[in-house]
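First up is the structure itself, then whatever we jot down about it.
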Amino acid sequence: MPFDATDFVDQQTLNDLHLIQKARHRIRVPQLWCRDHLVSGNRLCMLGAIAYASGASLEEIRRVNDGAVMSKQVEDHYDHIISIIERYIPGYVLPDYNDDCLVAHTDILALFDRVIADYRHRVGLEV
């Protein structure tokens, strides 16, 4: 058949997967990750990485870190991706998870990896 619904991949799910992968890549090594701030030098926390993946520049993230408001377009993607990731950490909100002294950089990457694996499975990509 020309159109088989089983081959249909939701574009929003693909977009979500792309943003989550981009955020993970941005903090892929400990030297690119931080706690307690969206941005510190060139280091980002999980939320900063999500903002960056959602289209914010490092300068915009620095301004938000200092109390400015995020642009609406970035904020919409940012809030959506945070809500997705928070489903994987019951009992936590993402800022608290990132900043928890018992949570290591490897835990942050493992969380991203769990979400990415689940989304890759949803769209039928090899894990």
For region 106-127, which residues satisfy the criterion of being among the small types (Gly, Ala, Ser) and in a helix (DSSP H, G or I)? Ala110, Ala117
Filter region 15-41 for residues that are basic (Lys, Arg) and part of a helix (DSSP H, G or I) and give the result. Lys22, Arg24, Arg26
Among the residues of region 51-68, are any assigned to a helix (DSSP H, G or I), in contact with a Lys or Arg (Cβ under 9 Å, 6 or more places away or on another chain) and closer than 24 Å to Gln12 by Cβ? yes
Filter region 99-124 down to the residues that are surrounded by 12 or more Cβ atoms within 10 Å (Cβ to Cβ) and over 15 Å from Ile20 (Cα atoms) and list them by number. Asp99, Asp100, Val103, Ala104, His105, Asp107
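Residue-wise test of (1) modelled with pLDDT of 95 or more; (2) crowded, with 17+ Cβ neighbours inside 10 Å.
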position	(1), (2)
Gln11	no, no
Leu19	yes, yes
Ile27	yes, yes
Cys34	yes, yes
Asn42	no, no
Ala51	yes, yes
Val64	no, yes
Glu75	no, no
What's the total number of residues in region 49-73 that are of a type in the set (A, V, I, L, M, F, W, C) and farther than 14 Å from Val39 by Cβ? 1
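The values are calculated or read from the model by the stated rules, or taken from the named source; none is laboratory data. Owing to the predicted nature of the structure, the values given are computational and were not obtained by experimental measurement. All Cβ positions, even for glycine, are placed from backbone atoms using ideal geometry, and neighbour counts span all protein chains on display.
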